[in-house]
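Okay, so here's the structure we're looking at.
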């Protein structure tokens, strides 16, 4: 499962690499990173249908995570990747806007990695179930 992590904070990358070390080593998970919404959008355009899950921060300079979400949902009408929004602020306005734009889930920082891994297991099983 290829996961694209979108966050303007550079320290997020080593954190994900550390927390998913075992899954990356066994080949269960492949991580890709983007430091902005623009970079993530370009990555998706260059690697269509490779990414199974996008974990995107909401508050970033330039293109916000919500804008990235909106653009991806508009462009990819057929089976876009699962998109989970991540924010340090658990306010109702961001949540409502994320859901309106088509987010599949809404997570708050600091991330609960065991809970996130449980959600990924469900995605993996769902993906296997839809193959036939």
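The numbers here are math on the coordinates, done by the rules we state, and not lab data. Bear in mind that the values here come from a model prediction, so they are computed numbers and not experimental data. Reconstructed Cβ throughout: ideal geometry from the backbone, glycine too, with neighbour counts over all protein chains shown.
Assorted remarks:
- The number of residues in segment 69-102 that are under 19 Å from residue 45 (Cα atoms) and in contact with a strand residue (DSSP E or B) (Cβ under 6 Å, 6 or more places away or on another chain) comes to 5.
- Look at segment 48-77: where a residue is without any contact (Cβ under 8 Å) to a residue 40 or more places away in the chain and a partner is assigned to a loop (DSSP other than H, G, I, E, B) and surrounded by fewer than 18 Cβ atoms within 10 Å (Cβ to Cβ), sitting 6+ places away or on another chain with Cβ atoms under 6 Å, you get 73/102.
- Subset of segment 1-36 that is in a helix (DSSP H, G or I) and in contact with a strand residue (DSSP E or B) (Cβ under 6 Å, 6 or more places away or on another chain) - its residue that is surrounded by the most Cβ atoms within 10 Å (Cβ to Cβ): 16
- Strands (runs of 3 or more DSSP E) wholly inside segment 51-122 that include at least 3 residues being under 17 Å from residue 2 (Cβ atoms): 51-57, 82-87
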